[in-house]
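Everything below concerns the one structure shown next.
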Amino acid sequence: MTAPLIAVQHLGIAFPNNQVFKDLNFEIQRGDFVTVIGENGVGKTTLIRALLGMLKPTSGQIKYFPSKKAIKVGYVPQFRNLDQEYPLTIEDFVSLNMRGWRPWLSKAEHRQVDTALRVTNVKKIKQRPLGMASGGEKQRAYLAQAIVQAPQLLILDESTASLDNEMKYELLDLVQNLNQTSHITVLFITHDLPLAKQYAKHYLALRPGQQEFGAMAGMSVEQLKEVSDV
Amino acid sequence: MFSLAFMRNAYLAGTFIAIICGTIGVFVIARNLSFLTHTLSEIGFAGAAFGIFMGWTALSGMLIFTVISSVIVGQMSVKQSRREASISAISALFIGLGILFLSLSNQTSSYATSILFGSVIGIAAGDVLRVAVLSGIVLLVMLALYRPLKFDSFDAIGARVSGLWTTAISVVFLVLVAMSVSVAAQIVGSLLIFILLTLPAAAARYFVHTVSKMIGVSILFAIVGVWLGLYLGYVTNLPVSFFIAAIECVFYFTALGYQRLHVGS
């Protein structure tokens, strides 16, 4: 499991009046579980946008193996303002991410949706309108939608920020399970160092002007705190 | 009632209108565009007046005005904060233009009221055909775009991060809305168009919870409103638009009541 999935080389990203990254380097291996830690505003979401191809680097490059097209990415965004009246059932919400031209879902596609609902533990409540679901159930539904296409890379953008402690671990257990059984590569952005410590295999600590990439094993939460400034 | 040609035409055209408004309304509501449909109906009024001024049909004038302006409004209101103000400015301008073209074309005020409030008697067989063809186009494009449109409308953030071409979808959708507005104006008039484009769909979302079922229920509410409205208008000799508006409001408020009973909020 040492084949790289993404290699970031000498990446620089700058906005007018703001140099976010300068010479950022790291590699994500297939099947890895990488956490990105750092203070607010240090550029965590900017990095994700660059990885997703929504933002053009000002220097350096991001390499995808075998190619960018070949890598399907599932993304659980940080904010989704779905209110209490959001009408769709969890099942319908998850199937929004099914591509194709046919207006209805084929049998095989139904099975795909079913699998995503099952592994994220929302199958029992799939008929519930998403607006009526609890915070933890919503996050699991978002996760289900992100993985319904069986992506190689799963990105979680502060997905646990709004959850209480118990739900956080529940969600991350599911993600870890996906990482181990389906070998989905995980990129987990968080502020929560104990959580990062418990689940991730590698960390990328971002601080203004510098960064550190390394193995999680052997790092204590205090050491993580030191390298990330959180 | 059906022995009268104009009533048969009205029912036929009304059914097509109910079907596309019910369908497209589900996405209008999901995308929070109710206010925009209101503006488009005013723009439609100006377009109809322009069409008459030019000696065309009212429908052609409406189509041109609504399609062009929906794209402009769409471009202008990308920023949420600017949306309401820019839409208000455009609607004010177009109501003014509508009045201008009406007065230039030397039409009496009855013409204006039939554009604004719709006219059942005015629907000829040719109009029915035009409505049918336009409805067919709108429905076909919707079917072809169904999954991406659904994703973008019900989960804009998810659709964007998954790399969907969301800007293109918005523009195509606005054009579809503009076409529906122009078509629906035939029966309910440009002033009350947004009733059929918003209320049936807004009510449907409280009763059912998948996109396909919402479309079904929304079409049902729209059809019941149009059919019953036409019937009551025929029997009482009062404006059809009034009845359609009243019926759709009953559906909507019933839905709100149902929601309150059901979930207590």
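Quick notes on this one:
- Selected residue (criterion: farthest from the other protein chains (Cβ to nearest Cβ)) from residues of the stretch B:216-265 that are among the polar types (S, T, N, Q) and over 17 Å from the mean Cα position of the chain (by Cα): B:237
- Exactly one residue out of A:107, A:69 is farther than 30 Å from residue B:259 by Cβ and within 20 Å of the chain's Cα centre (by Cα), and it is A:69.
- Among the residues of the stretch A:125-146, those that are closer than 18 Å to residue A:164 by Cβ and away from chain B (no Cβ under 11 Å) comprise A:133, A:134, A:135, A:136, A:137, A:138, A:139, A:140, A:143.
- Filter result for residue B:15 (surrounded by fewer than 24 Cβ atoms within 10 Å (Cβ to Cβ), within 17 Å of the chain's Cα centre (by Cα), part of a helix (DSSP H, G or I) and not aromatic (Phe, Trp, Tyr)): yes
- Listed by position, the strands (runs of 3 or more DSSP E) inside the stretch A:1-52 whose residues that are in contact with a Phe, Trp or Tyr (Cβ under 7 Å, 6 or more places away or on another chain) and in contact (Cβ under 8 Å) with a residue 24 or more places away in the chain number at least 3 are A:4-15, A:33-38.
- Scan of the stretch B:166-193 for residues that are at pLDDT below 85, of a type in the set (A, V, I, L, M, F, W, C) and surrounded by fewer than 24 Cβ atoms within 10 Å (Cβ to Cβ), ordered by number: B:191, B:192
- For residue B:153: the one exception among (1) surrounded by fewer than 18 Cβ atoms within 10 Å (Cβ to Cβ); (2) within 12 Å of chain A (Cβ to nearest Cβ); (3) part of a helix (DSSP H, G or I): (1)
- If the condition is being under 20 Å from residue B:121 (Cα atoms) and either outside any helix (DSSP H, G or I) or within 14 Å of chain A (Cβ to nearest Cβ) (or both), then the stretch B:186-215 contributes B:189, B:190, B:191, B:192.
- Cross-chain or 6+ apart pairs with Cβ under 7 Å, the stretch A:64-90 first and away from chain B (no Cβ under 11 Å), then assigned to a loop (DSSP other than H, G, I, E, B): A:64/A:71; A:65/A:3; A:71/A:152
- The criterion of at least 2 residues that are buried (at least 21 other Cβ atoms within 10 Å of the Cβ) is met by the following strands (runs of 3 or more DSSP E) wholly inside the stretch A:105-224: A:153-157, A:185-190, A:202-207.
The values are calculated or read from the model by the stated rules, or taken from the named source; none is laboratory data. Everything numeric here is computed off the predicted structure, so don't read it as measured data. Cβ atoms come from the backbone with ideal geometry, glycine included; neighbour counts cover every protein chain shown.
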